Ligand code: HEM
């Protein structure tokens, strides 16, 4: 593989320890017994039945029978690569996170790109959101930034995630379509849940058919917190800016490529890295002081909203370089487990209800997908930071604890892991003050579903607008039920009358009839005035 110069980093050394040597070797069973013949099963006579005692045959077939694990419930199709991250200058004023303080430190990373809806064998160039998940193996433990290539999300509360995904995945009776959005159930949900409108605009734009993984932006989507050594917290949105720029396919190319080379993005990434054309992204931060959050005319906890870059510029603070392809797809790309709650001191979460659901969901799903609770011991997931605790047992336990006592505190066990405090690197959650009643209710500040969709539309150039109209026409033109098409058109009238009319004309819907049949949509205008360009002043 391509020269990496990263052989010396800790993660590489750790992975090297697990690699098999392909030198002179005998074929053996899993028990290390050398095999004399692997082409013929052990039979009673040349043409007789195979014998149960043929342990090599039984082991070989059994292992084959169990090769598959469940694919990810979403983002099943992906491609990944190794690399490193380096900060340009110390961000100590913003965060305690050590990997963001030392410009000489190269933090190893593993980045997995993905589509969302398709199964593991689906095509790369479908119209879909792309996952952009980065694992930083820092000296203070693993930090995962599990983002997408679109800065907002379809829903505001994670309790709706099973609904949006069920609607987007193939329909339950015939398992079609395999990927993409062109079907009734997706548009049924989208049209009924108006908070999807902003993300739908992005999903119908060129952003959803990228030219290459190397030419995509990435976004942490949620508002996070950065907390410095003095305990001062600021809100932050994370961005990844590709140094190759942002480029997309056009729809005709995307469709043809899906047929001709369904591995188009996977191949592009692999070949670029093999040739030494290492893709790079700059990490960007949008910082909002706590006291400024209230001045925005949207809620920072609402993941269907972005912070306009004109309002809060993106500060570029470091660079990520991908410089090595995985050795083995299953061991690395398939078994890697990202989790939004993998956080290091100095980076914290917020009360965004979408984020809160994610803090639970990833670890939970991985217990099934990766066969039990010990998947952090799998080489690709293993932190380079030392791991020491009293977690024990479970499927696939590889550690052999030697302490007598497996509880804290104890006085008999031959040492007990220390508890860390703030000063020596302990993770201390930001002590946010929260008060309120226990209720199931969406905040009023989440009620505006259309202003930023409109902002997106008006920011597009003429060709980009044309692509969006054509994408809506293509997708909604495949929707069989008249009432769903009408509902979507009415939602689009809330974004822009011209957009709604152009789409409606292409799918045989009359805007006025639709408005009469469907009525007004629930999303309300922005909380602080109806301006589409909020201000911090
Ligand atoms: C997987 C991003 C919302 C549940 C993923 C992956 C990405 C991602 C990039 C693939 C990770 C990989 O490459 O292995 C996002 C973003 C979201 C979002 C940016 C919104 C801002 C949610 C929500 C839930 C959820 C709300 C659940 C409540 C999952 C699950 C997986 C997944 C279960 C599969 C994980 C695995 O099997 O390892 N997500 N997601 N996601 N996501 Fe999300």
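Laid out as a table, the results:
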| read-out | value |
| --- | --- |
| Selected residue (only one of 155, 150 is touching a residue at least 24 places away in the same chain (Cβ under 8 Å), within 16 Å of the ligand (Cβ to nearest atom), assigned to a loop (DSSP other than H, G, I, E, B) and surrounded by fewer than 23 Cβ atoms within 10 Å (Cβ to Cβ)) | 155 |
| Any hit, the stretch 303-318, residues being modelled with pLDDT of 95 or more, in contact with a helix residue (DSSP H, G or I) (Cβ under 8 Å, 6 or more places away or on another chain) and closer than 30 Å to residue 106 by Cβ | yes |
| Which numbered condition residue 295 misses (of (1) away from the ligand (no atom under 12 Å from the Cβ); (2) under 24 Å from residue 75 (Cβ atoms)) | (2) |
| Filter pass, residue 10 being modelled with pLDDT under 95, under 30 Å from residue 317 (Cα atoms) and under 25 Å from the mean Cα position of the chain (by Cα) | yes |
| Pick from the stretch 266-289, criterion more than 23 Å from residue 221 (Cα to Cα) and in contact with a strand residue (DSSP E or B) (Cβ under 8 Å, 6 or more places away or on another chain), ranking: surrounded by the fewest Cβ atoms within 10 Å (Cβ to Cβ) | 270 |
| Scan of the stretch 21-53 for residues that are loosely packed, with under 10 Cβ neighbours inside 10 Å and either at positive phi or assigned to a strand (DSSP E or B) (or both), ordered by number | 32, 34, 45 |
| Filter result (surrounded by fewer than 22 Cβ atoms within 10 Å (Cβ to Cβ) and in a loop (DSSP other than H, G, I, E, B)) within the stretch 187-208 | 193, 205 |
| In the stretch 209-237, residue farthest from residue 478 (Cα to Cα) [restricted to those that are in a helix (DSSP H, G or I) and touching a residue at least 60 places away in the same chain (Cβ under 8 Å)] | 214 |
| Matching entry among 56, 18 (being surrounded by 10 or more Cβ atoms within 10 Å (Cβ to Cβ) and modelled with pLDDT under 95) | 18 |
| Tally, over the stretch 67-120, of residues that are in a loop (DSSP other than H, G, I, E, B) and within 16 Å of the ligand (Cβ to nearest atom) | 15 |
| Test for residue 309: is it more than 14 Å from the ligand (Cβ to nearest atom) and in a loop (DSSP other than H, G, I, E, B) | yes |
| Residue check, residue 111 crowded, with 23+ Cβ neighbours inside 10 Å, modelled with pLDDT of 95 or more and touching a strand residue (DSSP E or B) at 6+ places or on another chain (Cβ under 6 Å) | yes |
| Subset of the stretch 312-328 (residues that are more than 29 Å from residue 267 (Cα to Cα) and either assigned to a loop (DSSP other than H, G, I, E, B) or within 15 Å of the ligand (Cβ to nearest atom) (or both)) | 312, 313, 314 |
| Condition broken by residue 365, with the remaining ones in (1) within 12 Å of the ligand (Cβ to nearest atom); (2) out of contact with any helix residue (DSSP H, G or I) (no Cβ under 7 Å at 6 or more places or on another chain); (3) under 30 Å from residue 423 (Cβ atoms) satisfied | (3) |
| Residues located in the stretch 402-453, provided they are part of a helix (DSSP H, G or I) and at pLDDT 95 or above | 444, 445, 446, 451, 452, 453 |
| Among the residues listed as 351, 292, the single one being surrounded by fewer than 19 Cβ atoms within 10 Å (Cβ to Cβ) and not in a helix (DSSP H, G or I) | 351 |
| Residue list for the stretch 329-339, filter: farther than 27 Å from residue 306 by Cβ and within 12 Å of the ligand (Cβ to nearest atom) | 332, 333, 334, 335, 336, 337 |
| Residue tally, condition free of Cβ contacts under 8 Å to residues at least 60 places away in the same chain, in a loop (DSSP other than H, G, I, E, B) and crowded, with 18+ Cβ neighbours inside 10 Å, over the stretch 354-380 | 2 |
| Every pair of residues 6+ apart whose Cβ atoms lie under 8 Å, when the first sits in the stretch 68-85 and is in contact (Cβ under 8 Å) with a residue 40 or more places away in the chain and closer than 14 Å to residue 136 by Cα while the second is assigned to a loop (DSSP other than H, G, I, E, B) and near the ligand (Cβ under 8 Å from one of its atoms) | 80/336 |
| Test: residue 90 is without any contact (Cβ under 8 Å) to a residue 24 or more places away in the chain and surrounded by fewer than 23 Cβ atoms within 10 Å (Cβ to Cβ) | yes |
| Search result, residues across the stretch 340-349 that are in contact with a helix residue (DSSP H, G or I) (Cβ under 9 Å, 6 or more places away or on another chain), touching a residue at least 40 places away in the same chain (Cβ under 8 Å) and more than 9 Å from the ligand (Cβ to nearest atom) | 342, 344, 345, 346, 347, 349 |
| Pairs with Cβ under 8 Å, 6+ apart, first in the stretch 159-184 and farther than 19 Å from residue 114 by Cβ and outside any helix (DSSP H, G or I), second at pLDDT 95 or above and within 16 Å of the ligand (Cβ to nearest atom) | 172/166 |
| Residue 124 surrounded by fewer than 24 Cβ atoms within 10 Å (Cβ to Cβ) and either modelled with pLDDT under 95 or more than 9 Å from the ligand (Cβ to nearest atom) (or both) | no |
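The values are calculated or read from the model by the stated rules, or taken from the named source; none is laboratory data. Keep in mind the model is a prediction, meaning the values are calculated, not measured. No Cβ is skipped: glycine too gets one built from the backbone with ideal geometry, and neighbour counts run over all protein chains shown.
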